[in-house]
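The values are calculated or read from the model by the stated rules, or taken from the named source; none is laboratory data. Please read all numbers here as calculations on a predicted model, not as lab measurements. Neighbour counts are summed over all protein chains in view; Cβ atoms, including those assigned to glycine, are modelled from backbone coordinates with ideal geometry. To get the accessible areas, we keep the full protein, side chains included, count just its heavy atoms, and leave off ligands, DNA and RNA. Shrake-Rupley method; radii C 1.70, N 1.55, O 1.52, S 1.80 Å.
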Amino acid sequence: MGEISGEYGAFKGIPFAKAQRFCPPEPVSWTGVKDCTSFGKKAMQVFDGGAPWMKPQSRDEFDEDCLNLNIYIPQKALTSDENGRIKPEGPGLPVLVEIHGGAFQTGSNREHTPKQMIRDNDFIYVPVNYRLGVLGFLYVGDVLGDKWAGSANNGILDLMASIRWIYENIRAFGGDPERITLMGSSAGAKAMGAMLCIPEMKKYVHQVIMSSGATQSIRRKATAQKTGEGFMNVFKQILEKHGCDPVDAPGKLLSVSPDLLMEAQKIFCDNPGNTCMFGPVADGITLPLDCEA
């Protein structure tokens, strides 16, 4: 269930997958009519002390289970059924899917309004969330074992799950699954550069718009291992600060509050001259070993 807001129909916070810490996204489903009139949670991130032009944010806006998307449809392409529920009419519209930027550490699918993106054009706008920072791109295979060998690309897997869901379901919202354009800037474009290394992309996306980024953020596995090493050193310090034995650090990765992980991430990423401490990895699992920049 969505709502008409101004000149657009809006379906907010639609879950396209479920996130479990350091694991690939899992399928999600529901029964009955789902209320999609309010935004879903944003990805966990360090949000205090942001840039002065940013709107204030509160902790309850963020959660580990953040895999949701919004769908905005021009009102002129909508009608209402006998129960007052909005539904699309007419031929399928082209679809613009946006991946937000933010150095793979910040941002959400609330960055732009439909008025900013659609204006008076005839297309559907779909901004998506994906896991960020430690929870989306930290390699933990060395400390947690083979089950987590692909953890450095969970954010990319989230994005692949989102476009798969859109391709399979957008027709119900009046969209044409054969006319999906994927766009992003900065980290969003860099994520797309990685996704283009995945053959499955050709099935779901038919054109891309990349701004200020491409494949240059794809790291080698050795770089991901060093990043993981460096984060673990900081994480152990945070555990000690909170009265925990740092010897238990690997296990604590899975059990501590996500706020503690963000506390460690804030210190780890305080590195002048390098805002992108995280990013996709040529791990031979999600991305081919030969696709790093």
Of the residues that make up the range 246-257, is at least one acidic (Asp, Glu) and surrounded by 16 or more Cβ atoms within 10 Å (Cβ to Cβ)? no
Considering residues that are under 19 Å from ILE170 (Cβ atoms), crowded, with 18+ Cβ neighbours inside 10 Å and in contact with a strand residue (DSSP E or B) (Cβ under 6 Å, 6 or more places away or on another chain), the number found within the range 18-47 is 2
The correct count of residues that are touching a residue at least 12 places away in the same chain (Cβ under 8 Å), more than 25 Å from PRO94 (Cβ to Cβ) and aliphatic (A, V, I, L, M) in the range 192-222 is 1
Identity of the residue in the range 175-228, part of a strand (DSSP E or B) and open to solvent by 80 Å² or more (accessible area, probe 1.4 Å), that ends up farthest from PRO127 (Cα to Cα): ARG220
On the given criteria, is GLY133 among the small types (Gly, Ala, Ser), crowded, with 22+ Cβ neighbours inside 10 Å and at pLDDT 90 or above? yes
May I ask you to list the residues in the range 168-221 that are of a type outside the set (A, V, I, L, M) and closer than 20 Å to GLY284 by Cβ? LYS190, GLY193, CYS197, PRO199, GLU200, THR215, GLN216, SER217, ARG219, ARG220, LYS221
Lone qualifier among ALA10, ALA51 - being in a strand (DSSP E or B) and either open to solvent by less than 60 Å² (accessible area, probe 1.4 Å) or modelled with pLDDT under 90 (or both): ALA10
Against the definition (out of contact with any Ser or Thr (no Cβ under 7 Å at 6 or more places or on another chain) and part of a helix (DSSP H, G or I)), how does ALA264 come out, yes or no? yes
Condition met for ILE71 (under 17 Å from TYR125 (Cβ atoms), modelled with pLDDT under 85 and part of a strand (DSSP E or B)): no
The range 20-34 residues that are within 22 Å of LEU159 (Cβ to Cβ) and of a type in the set (A, V, I, L, M, F, W, C), paired with ones that are open to solvent by less than 70 Å² (accessible area, probe 1.4 Å) and at pLDDT below 95 (beta carbon under 6 Å, 6 or more apart): PHE22/TRP148
